[in-house]
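The values are calculated or read from the model by the stated rules, or taken from the named source; none is laboratory data. Worth saying up front: this structure is predicted, and the values here are computed from it rather than measured. Quick reminder, even Gly has a Cβ in these numbers, built from the backbone with ideal geometry, and neighbours come from all protein chains shown.
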Amino acid sequence: MKIRLNEYDLESNKIDQSYDILAVSDIHSNLTALRFIWSFLTDKTKILTISGDTLDHIESKERKEIIEELKYLSSHIKVLISRGNHEDVIIRKEGRNTLRIPTNDLSFFDDLKSKTDCVVMTDTIETHEVDKIFSVSSINMPTLWYYGGENREEFYQVLSNNSISIDKDKFNILLSHTPNPLIRNNELVHLPELDNMDLILSGHNHGGLTPMFIQNRSKNHTGLVGPDFKIGKPNAFGYYTTDDTSLIISNGVTKVAPSTEFLKYLSIVNNVFIPDFELIHLTPGDSHNLQLIKRNIHNRHII
């Protein structure tokens, strides 16, 4: 199985030694790809983040095995997980149509909390301290919000009504499954509630199903097709920096979810668009500076 590792250097004056952060998003019940996380863990890897859509839907047949895998991972490294828009939906077929029915059933996350050492963040806004170095928060929008057009103003209202605990002396990370309300005109939106937020990790847009050679040349980060097959998806991929805040949008582990109505194209697309993992190397520096340093494709085999 081929996997792409995207590596970034991020300098910060908030740390006094080097650390690694491994970030993934949109696993969509892909147990095989999840197991390859072990390949990229090093002695410097401080935390693993999963910014939503760990499951494809609440009744995924891989659910128990995914919990077991996360149990093993969280016994070796700090794992922080936030919600996406898939973990609490039921999938039902009506003819050729696929219905995604929100349930508000958070039993998957309840199982993670009770059976693993993962830090599981399901509240609207939640913050956890990691080893007095990092402060990791999440913003979790209601599932129906995603299927209602991802209204920016509603997102901003949630932020203003539910304050994020940001410690200026720590390296602050935000997990936001969707990056879309945070970007306008191809730039990060300045939100006072996110002042002193150092790094935002997102996914959701699946890289716009855009080949890497196009991504590397694109100046506006518009994808070919986004969630729910929206053509010409803006903010589909890439990384952004403004002032002292950076946002990385992962292309995601799984590019087309198993719950899609386009099942006959599933294996073809997911073989062409291989899983992406983001590895961020944090190093001490005088100021905030993020850059993509390399992309490598790795061949991995499960023994």
With the condition kept exactly as written, say whether any residue in segment 227-246 is over 27 Å from T32 (Cβ atoms), out of contact with any strand residue (DSSP E or B) (no Cβ under 9 Å at 6 or more places or on another chain) and at pLDDT below 95.
-> yes
Selected residue (criterion: modelled with the lowest pLDDT) from residues of segment 259-291 that are surrounded by 14 or more Cβ atoms within 10 Å (Cβ to Cβ) and in a helix (DSSP H, G or I) | L266
Does segment 76-87 contain at least one residue that is among the basic types (K, R), closer than 23 Å to S202 by Cβ and in a loop (DSSP other than H, G, I, E, B)?
-> yes
With (1) closer than 20 Å to P234 by Cα; (2) part of a helix (DSSP H, G or I); (3) in contact with a Pro (Cβ under 8 Å, 6 or more places away or on another chain) as the list, and L144 as the residue in question, which single condition is left unmet?
-> (1)
How many residues does segment 99-127 contain that are over 17 Å from K61 (Cα atoms), touching a residue at least 40 places away in the same chain (Cβ under 8 Å) and more than 17 Å from the chain's Cα centre (by Cα)?
-> 5
Search segment 169-217 for residues being of a type in the set (D, E) and not in a loop (DSSP other than H, G, I, E, B), and hand back the single one that is nearest to I139 (Cα to Cα).
-> E193
Out of curiosity, is D20 in contact with a His (Cβ under 7 Å, 6 or more places away or on another chain) and of a type outside the set (A, V, I, L, M, F, W, C)?
-> yes
Out of the residues in segment 1-44 that are β-branched (V, I, T) and modelled with pLDDT of 95 or more, state the one that is farthest from L279 (Cα to Cα).
-> I27
Could you tell me which residue of segment 1-35 is farthest from K168 (Cα to Cα), considering only residues that are part of a strand (DSSP E or B) and charged (D, E, K, R)?
-> K2
Which numbered condition E65 fails, given (1) in contact with a Leu (Cβ under 7 Å, 6 or more places away or on another chain); (2) without any contact (Cβ under 8 Å) to a residue 12 or more places away in the chain; (3) acidic (D, E) = (2)
